[in-house]
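The values are calculated or read from the model by the stated rules, or taken from the named source; none is laboratory data. The structure displayed is predicted, hence computed values, not measured ones. Here Cβ is always computed from backbone atoms with ideal geometry, including for glycine, and neighbour counts include all displayed protein chains.
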Amino acid sequence: MTTTRPLSNILSGVIGGLIVLVIGAVLIATNLIDTGDTKTVVRQVTTTQPTGNTSGSEGRTVRQIYEQEGKGVAFITANGVTSESESPFGLPQQGTATGSGFVIDKDGYIVTNAHVVEGADSVTVSFSENGEAVPAEVKGVDRSTDVAVLKVDPSKVENITPIPLGDSSKSQVGDPVIAIGNPFGLSRTVTTGIVSGLQRQIQAPNGFTISNVIQTDAAINPGNSGGPLLDANGRVIGINSQIQTGGGQGSVGIGFAVPINTVKDELSKLKAGESVERAYLGVQMQRVDSQLAEDLNLPVDHGALIVSVTPDSPADKAGLRGGRTGTAQGVAAGGDLIVAVDGRETTTEDAVANEIAAHKPGDRVEITYYRGTDKRTATVTLDKRPANADTSGSGSGGGGGGGGGGIIP
């Protein structure tokens, strides 16, 4: 006898079979069922994500950057250092100073910090832990930005490797960064972190203010001075220069790098052994916010309050005044409040400093300011910046970074 199955039973069987096949395929693909074949899947994981200036690039791994750009990081030994002051890392400069640097071209030019080589009788560099030290000539030093340029004979360095320079103006908070240097004499040590902050200020070896500094939590320590801070594509965005230690000598995750764009502006002169002349106003300034404006009864809640004026400086000759009476938030009251330079509004002390830095000695600038509630203008003829700043009464700290006071243009 022939039995005819209902159509619904046939469809149920087909669907059930398909489900079994699908489940089996999934289990095989995930290696939960051993088919007897071995299949290896290789996936490259990028541990360094792109920074804001990578233009769509996927970035490179820390290992890749270390293996390539690390070749261009130099260990620097400066003999006969005579400075009696402490370095920006909180250590006294006695006899011999060590630090880091990086090659910028095939001609053998190396960038480092001024405080690493300043006052040295002789300087040598090497590029590996057991590598031969070769003599280096100090070509140019700019104490106002803590930058120095050295020169080695490229024929004496095997496979000399320049590190490409990036664009520090495109760095953003949160971007990954890599520091390579020689902390405590441990050659070519690599550490990683992020850009922790931008537009910080630190004090240069001559007491003037370095602006637009990059803050990072990548561990840097004594010996990292002068080494590169790199972006996710291995390009230099800063020179590791100072740390904030909280009273100790080691890293607490607050480091500062001089932006590479600041260095680019002076490289040609330093390579040629020429001095870098900067415009000079001669004031110390404090940022104004709404609280300070209320405490001092200022007419506006922004601008740069003049804390002090250096005697016989361009600002002094133009009649600008610093604070003289009372205090608020530790700032002397009664000083002129700068709100514009050459008609361009300046809402912070950084903005004033940048406007002055854009000029040359001998240029005339118009300063708009408040004295009390009276809005005035003064024409100032800028002078050449002296060798050292008058930091008496300055609110800035040599070890780093704040964001608030003691700016000296």
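What are the residues in the stretch 333-357 that are on the phi < 0 side of the Ramachandran plot, in contact (Cβ under 8 Å) with a residue 12 or more places away in the chain, surrounded by fewer than 21 Cβ atoms within 10 Å (Cβ to Cβ) and not in a helix (DSSP H, G or I), if any?
Across the stretch 333-357, the qualifying residues are A333, A340, T347, T348.
Let me spell it out: the conditions are (1) crowded, with 22+ Cβ neighbours inside 10 Å; (2) not assigned by TED's automatic domain parsing to the domain that holds T368, and Q286 meets all of them except one. Which number is the exception?
Result: Q286 fails condition (2) only.
Which residue, of R385, R321, is surrounded by fewer than 19 Cβ atoms within 10 Å (Cβ to Cβ), among the charged types (D, E, K, R) and in contact (Cβ under 8 Å) with a residue 40 or more places away in the chain?
R321
Hey, among the residues in the stretch 151-171 that are polar (S, T, N, Q) and in a loop (DSSP other than H, G, I, E, B), which one's surrounded by the fewest Cβ atoms within 10 Å (Cβ to Cβ)?
Restricting to residues being polar (S, T, N, Q) and in a loop (DSSP other than H, G, I, E, B), the top hit is N159.
With the requirement that a residue be of a type outside the set (G, A, S) and in contact with a strand residue (DSSP E or B) (Cβ under 6 Å, 6 or more places away or on another chain), what does the stretch 114-126 give you? Steps first, please.
Going through the stretch 114-126, the residues of a type outside the set (G, A, S) turn out to be 115-118, 121, 123-125.
Of everything in the stretch 114-126, those that are of a type outside the set (G, A, S) and in contact with a strand residue (DSSP E or B) (Cβ under 6 Å, 6 or more places away or on another chain) turn out to be V116, V117, D121, V123, T124, V125.
Do we have any residue at all in the stretch 290-308 that's of a type in the set (S, T, N, Q), surrounded by 21 or more Cβ atoms within 10 Å (Cβ to Cβ) and not assigned by TED's automatic domain parsing to the domain that holds N206? Walk me through how you get there before you give the answer.
Taking the stretch 290-308 as the starting set, the residues that turn out to be of a type in the set (S, T, N, Q) are 290-291, 297, 308.
Adding the requirement that they be surrounded by 21 or more Cβ atoms within 10 Å (Cβ to Cβ) leaves 308.
Cutting the leftovers down to not assigned by TED's automatic domain parsing to the domain that holds N206 gives us 308.
Within the stretch 290-308, one or more residues are of a type in the set (S, T, N, Q), surrounded by 21 or more Cβ atoms within 10 Å (Cβ to Cβ) and not assigned by TED's automatic domain parsing to the domain that holds N206.
Looking at D217, D231, which is the one that is among the charged types (D, E, K, R), modelled with pLDDT of 90 or more, more than 30 Å from R364 (Cβ to Cβ) and crowded, with 21+ Cβ neighbours inside 10 Å?
D231 is the lone residue from the list that is among the charged types (D, E, K, R), modelled with pLDDT of 90 or more, more than 30 Å from R364 (Cβ to Cβ) and crowded, with 21+ Cβ neighbours inside 10 Å.
Would you point out the residue of the stretch 359-369, among those that are touching a residue at least 40 places away in the same chain (Cβ under 8 Å) and not in a strand (DSSP E or B), that is nearest to V213 (Cα to Cα)?
H359
Taking the stretch 301-312 only, how many residues are assigned to a strand (DSSP E or B) and among the small types (G, A, S)?
Residues of the stretch 301-312 assigned to a strand (DSSP E or B): 304-309.
Subsequent filtering for residues that are among the small types (G, A, S) retains 304, 308.
Total meeting the criteria: 2.
Go through (1) modelled with pLDDT of 90 or more; (2) under 30 Å from A219 (Cα atoms); (3) of a type outside the set (A, V, I, L, M) for G303 and report which single condition fails.
(2)
Give the residues of the stretch 332-355 that are closer than 17 Å to R371 by Cβ, modelled with pLDDT under 90 and out of contact with any helix residue (DSSP H, G or I) (no Cβ under 7 Å at 6 or more places or on another chain), sorted by residue number. Even if it seems obvious, please write down each step before you answer.
Within the stretch 332-355, the subset closer than 17 Å to R371 by Cβ is 332-341, 346, 352.
Keeping just the survivors that are modelled with pLDDT under 90 gives 332-334.
Residues satisfying the conditions are A332, G334.
Residues of the stretch 127-150 being out of contact with any strand residue (DSSP E or B) (no Cβ under 8 Å at 6 or more places or on another chain) and either basic (K, R) or buried (at least 18 other Cβ atoms within 10 Å of the Cβ) (or both), which ones?
R143
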